[in-house]
1. List pairs: first residue in the stretch 53-67 and touching a residue at least 24 places away in the same chain (Cβ under 8 Å), second residue crowded, with 19+ Cβ neighbours inside 10 Å and not in a helix (DSSP H, G or I) anywhere in the structure, Cβ distance under 9 angstrom, at least six positions apart or on different chains.
2. Note down all Cβ pairs under 8 Å where the first residue falls in the stretch 27-39 and is within 15 Å of Val121 (Cα to Cα) and part of a helix (DSSP H, G or I), the second is polar (S, T, N, Q) and open to solvent by less than 80 Å² (accessible area, probe 1.4 Å), and they're at least six residues apart or on different chains.
3. Going through the stretch 191-247 one residue at a time, which ones are under 17 Å from Ala263 (Cα atoms) and among the aromatic types (Phe, Trp, Tyr)?
4. Here's a check for you: in the stretch 59-82, which residue that is modelled with pLDDT under 90 and surrounded by fewer than 19 Cβ atoms within 10 Å (Cβ to Cβ) is farthest from His293 (Cα to Cα)?
5. Inside the stretch 305-323, can you point out the residues that are of a type in the set (Val, Ile, Thr) and open to solvent by 60 Å² or more (accessible area, probe 1.4 Å)?
6. How about the stretch 268-304: which of its residues are open to solvent by less than 40 Å² (accessible area, probe 1.4 Å), over 12 Å from Phe8 (Cα atoms), in contact with a helix residue (DSSP H, G or I) (Cβ under 8 Å, 6 or more places away or on another chain) and in a loop (DSSP other than H, G, I, E, B)?
7. Tally the residues that are open to solvent by 30 Å² or more (accessible area, probe 1.4 Å) and out of contact with any Lys or Arg (no Cβ under 7 Å at 6 or more places or on another chain), restricting the search to the stretch 166-210.
8. Here is a list of conditions, (1) open to solvent by 40 Å² or more (accessible area, probe 1.4 Å); (2) part of a helix (DSSP H, G or I), and Trp15 meets all of them except one; can you say which number that is?
Amino acid sequence: MDLPVIWFALIAVLWTGYLVLEGFDFGVGMLIPILGRNDRSRRVLLNTIGPFWDGNEVWLLTAGGAMFAAFPHWYATLFSGFYLALLVILVGLIVRALGFEYRGKVDSPRWRAWWDLAIVVGSVIPALLWGVALTNIVRGVPIDAHMEFTGSLLTLLNPIGLLGGLTTLALFLAHGAMFACLKTDGEIRSGARKAALISGPVAAVLGVILLITLNMTSGGSAASWVVTVIAALALVGGLAAAWARREGLAFAGTAVAIVGVVASYFLMLYPNVMPSSTNPAWSLTIRDAASSHHTLQIMTVVAVIFTPIVLLYQGWTYWVFRRRIRPEHIPPAAGIGGPAPQPLVSTASTAGPGGGTAGATPAPIGAGDG
């Protein structure tokens, strides 16, 4: 078994899972000022991702841990060279998490408004900078003969890198809008569909320009070109499904588009893990960066045992919280009037009104009364 290649593929899968799942989290967070016309509608949006966002971030931790254990030289060069960019992403993720946890701790519209802003900013920054970072990894960065990054933060903010960031920003916004369509009803559902039909074409145009540019300048292979075409077709298909109000297919389309983008990135990267723009001979390859064979064997055994358990648990979570969320499911915050809430948890097996599938509705987050 060629374990370094296998673990390169597994790390690609982990990053793909993270960006697909966390992508709709980021998108919903960015939609708060667009679709959240009042406190209750904002809380509906937050409750669509409430049961999922922290579990989705586990994919990031696992991807980082796998890189550290399987390819320590890749991890060292990447995290030292991209230190400031990754620190900004980390701060954004922390601020967003604080927004989820603290917006309902004080019964004050101003308090909630500040934490809503934290959620929006904490969604925009990672959505942008992940694209910048991943695009720079593929196109190559200045690395010397000692596997050390010799650039700066400004080195990463080049036109192609920024194009990559804008592409992921628009793609995650469309993905989050599709998810909001799938998980809500009424006015929010209608507004999310419009947001998807606006942001989706922007993401398609930016993505086509980006992937064609990278394939032509970064050693694109026949496989990466094929996957690029699949990603573009999936996004167009998702937009067509959204126009036809087939929301499940629309969400699947944006998800497949993200999978295609990440897969094309890793196919263009192979057999390198960190190409050097200074001298191609100084690029880090899979072989150069890998851990010992014994280490990779142990990691493989652990992955085979625990990965199915994690996937089953996370799949069960999505199944339990599959029902659409409506404003009447959200109780009024303290001091805010409104109709009496419906029961928050339903175990009915019939389809809910408006086409929603029955299942458990998540307990509300962000309420002023906790």
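1. Between residues of the stretch 53-67 that are touching a residue at least 24 places away in the same chain (Cβ under 8 Å) and residues that are crowded, with 19+ Cβ neighbours inside 10 Å and not in a helix (DSSP H, G or I), the close pairs are Met67/Val273.
2. Gly27/Ser123; Val28/Thr48; Val28/Ser123; Gly29/Ser123; Met30/Ser123
3. Trp225
4. Once the filter is applied, the top-ranked residue is Ser80.
5. Once the filter is applied, which keeps residues that are of a type in the set (Val, Ile, Thr) and open to solvent by 60 Å² or more (accessible area, probe 1.4 Å), the stretch 305-323 yields Ile305, Thr307, Ile309, Val310.
6. Answer for the stretch 268-304, where residues must be open to solvent by less than 40 Å² (accessible area, probe 1.4 Å), over 12 Å from Phe8 (Cα atoms), in contact with a helix residue (DSSP H, G or I) (Cβ under 8 Å, 6 or more places away or on another chain) and in a loop (DSSP other than H, G, I, E, B): just Pro275.
7. Total satisfying the criteria: 17.
8. Of everything listed in (1) open to solvent by 40 Å² or more (accessible area, probe 1.4 Å); (2) part of a helix (DSSP H, G or I), Trp15 misses just condition (1).
The values are calculated or read from the model by the stated rules, or taken from the named source; none is laboratory data. Keep in mind that this is a model prediction, so the values were computed, not measured. Note: ideal-geometry Cβ built from the backbone for every residue, glycine included; neighbour counts use all protein chains shown. Side chains included, ligands, DNA and RNA excluded: accessible areas come from the protein's heavy atoms. Shrake-Rupley method; radii C 1.70, N 1.55, O 1.52, S 1.80 Å.
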